[in-house]
Amino acid sequence: MFRTRRDVPLDRDAAGRFLPWIIAFMVYLAVLATAAALTVSSLTSAWDNEVAGTMTVQVPPRAARQAAPAGAAGADAGLQAVLEVLRKTPGVASAVPLGPVDIERLLGPWLGPGGASADLPLPRLVDIVLDPSAPLDRPGLSKRLAEIAPGATIEDHRVWLRDLLVFARSVEVLSVAIVLLVAAVGIATVVYATRAGFAIHRGTVELLHMIGAQDAYIAAQFQWHAFRLGARGALVGITFAGATLGLLAHLAGQVESALLPRMGMGIGELLVLAVVPIGATLVTMYTARLAVVRSLAEMV
Amino acid sequence: MVVRFENVGMRYGNGPEVLRDVTFTLDPGSFHFLTGPSGAGKTSLLRLMYLAQRPSRGLINLFGRDIATTPRRDLPALRRRIGVVFQDFRLLDHLSALDNVALPLRVAGVPESQIRTHVGELLDWVGLSGHLGARPATLSGGQQQRVAIARAVIGRPRLLLADEPTGNVDNAIAMRLLYLFEELNRMGTCVVIATHNESVIAKFDYPVLRLEGGELTVQRAFRPAGPDRGGERNWERPHDRAT
């Protein structure tokens, strides 16, 4: 497949030296931009899945400790009353208070080990999982919670997630725009290089044309030459991009996981990244072919 | 009929016509010289014949097909029936003599196994059997010319066009080349030799196409150019058949 006639001595052209490096750079940028888009996309869907159907109720320390109007006993009487109300509310599937271990895990990165001691007046948190089959009367729930635990608030994660999703979508759009821009610049460069090669070897091309070569015969020589250059450049580009992504993943792994979400890639994402150099090579090849066919069409 | 030109005119861009009302016919197996002073339009006429150029006006018919109405995709097949020996040989420097000669066969998709045999025989025929792998730069002018001729005839063309094939060689070699073309002609190829060397033309009794100032006249056999051209009776009108 790759062994084609080389009647046109394209291997000696300057384009053969610079084009692979340009393609390598283009592939490098495109792979990084695609990786950024994929990472952001998987993060947002992960956040979305985690947050969808959940809420958090925050009970101030004083309200959590006070005696409940219903007369519930214990140090966390207020909290118990809140839980009771929550569990009886239609639309709430479960309501689980976060224990000291969970609080320690959440605050550890900021306060250090043992920072969240019992002396620290921390609000109590209740994780709520919503029942998708029953609608929740949120204003009514807020009102009832305010009655039994003044200052208690309901945090719907979707509010802050919405802003985060807008930002994430913007990053995705930007990444796709970068890939398209890189592709456009790459195509323009290949067209220019091919036309330059055509002009340099015009005498040889004319000779082949005059001895009866079909356009496809001549175009194939430029096309496979461009394929070889494109493949060489794409290989270099994907190698450097892989090394860069590996380094980023390594650095991200060293950062505390609670501060930075996991950024690993699955097989699907890696396959999408593999399409970039293959696509770049094929686009290089067919762009060169089209450029030559158009130039040949100007001949008799 | 191999070639038919009817009232063909040609100009480059907006310049003056370099060929005017050219009309002639070449029959299969015929042999012609094409002559005229430098700049008379010999190369332009040849370019029209080997389809490197389109006429500005008039009709060109090659192998029975009107060029103006022949689709572009069909032209390569017509070109393969035409062998051309260019004035400057136009050999590809990066290819060996064998590969240069093999080019028309490769373009036509002939299997490699056959190419080597055919090309070897032909290079032997033109006296270059010992130079199969030689690059053009290492060959003398005469040897390059023979490689160019071998490339022109390897595809057994029905029409052979040679532009000043004797221009760079002495008379002895020129005669050898012409005998070579005669041999091809005997095998049925229609041959047109463009030359301004009238002493060479005079040695053969073939019809002459004479171009002067872009106009073509057809002479049944050579008569010397100059003040005494042998009188009008030696010349045919442009519309007469060349053979």
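Observations on the model:
- Chain-alone versus full-assembly comparison, segment A:263-300, residues with accessible loss of at least 30 Å² (1.4 Å probe): A:Val300
- Averaged over the residues of B:11-24, the number of partner chain Cβ atoms lying within 10 Å of the residue Cβ comes to 0.
- Axis of helix A:267-297 versus longest Cα principal axis of chain A: the two differ by about 30°, to the nearest ten degrees.
- On a per residue basis, the protein assembly as shown carries 49 Å² of accessible surface, using protein heavy atoms and a 1.4 Å probe.
- Neighbour cut-off at most 12 other Cβ (10 Å), DSSP loop, chymotrypsin sites (Phe, Trp or Tyr not before Pro), segment B:1-85: B:Tyr12
- In degrees, nearest ten, helix A:215-254 long axis to first principal axis of chain A (Cα): 30 degrees
- Using a probe radius of 1.4 angstrom, the carbon and sulfur fraction of the accessible surface of the protein assembly as shown is 59%.
- The tail of the calculated P(r) for the protein assembly as shown beyond 44 Å holds 48 percent of all Cα-Cα pairs.
- When accessible surface is computed with a 1.4 Å probe, chains A and B are found to bury approximately 2000 Å² between them, both chains counted.
- Inter-chain shielding of A:209-221 (mean C-beta neighbours from other protein chains, 10 Å cut-off): 6
- Counting DSSP beta bridges with both ends in chain B, the antiparallel % (nearest 5): 55 percent
- Per-residue mean of C-beta atoms belonging to partner chains within 10 Å, peptide A:134-145: 0
- Principal-axis tilt of helix A:157-200 within chain A, Cα atoms, nearest 10 degrees: 10 degrees
- Membrane-span-like helices in chain B, defined here as complete DSSP H runs extending at least 15 Å along the helix axis by their C-alpha atoms with mean Kyte-Doolittle hydropathy no lower than -1.0, are B:97-107, B:112-125, B:141-153, B:171-186; this is a sequence and geometry rule, not a statement about a membrane.
- Bridge type composition, the protein assembly as shown - antiparallel percent by DSSP, nearest 5: 70 percent
- 13 Å beta-carbon shell around B:Asn171, net charge (K/R +1, D/E -1): 0
- Between segment B:151-167 and segment A:112-190, the Cα center-to-center distance that results, in Å: 81 Å
- Separation of segment A:213-255 from segment B:29-63 is 49 Å, based on Cα centroids.
- Among A:Gly16, B:Leu62, A:Ala252 - extreme Cα towards positive end, dipole of the protein assembly as shown, charges at beta-carbon: B:Leu62
The values are calculated or read from the model by the stated rules, or taken from the named source; none is laboratory data. Computed from a predicted model, the values in this text were never measured in an experiment. All Cβ positions, even for glycine, are placed from backbone atoms using ideal geometry, and neighbour counts span all protein chains on display. Just so you know, the surface numbers come from the protein's heavy atoms only, side chains and all, with ligands and any DNA or RNA stripped out. Shrake-Rupley method; radii C 1.70, N 1.55, O 1.52, S 1.80 Å.
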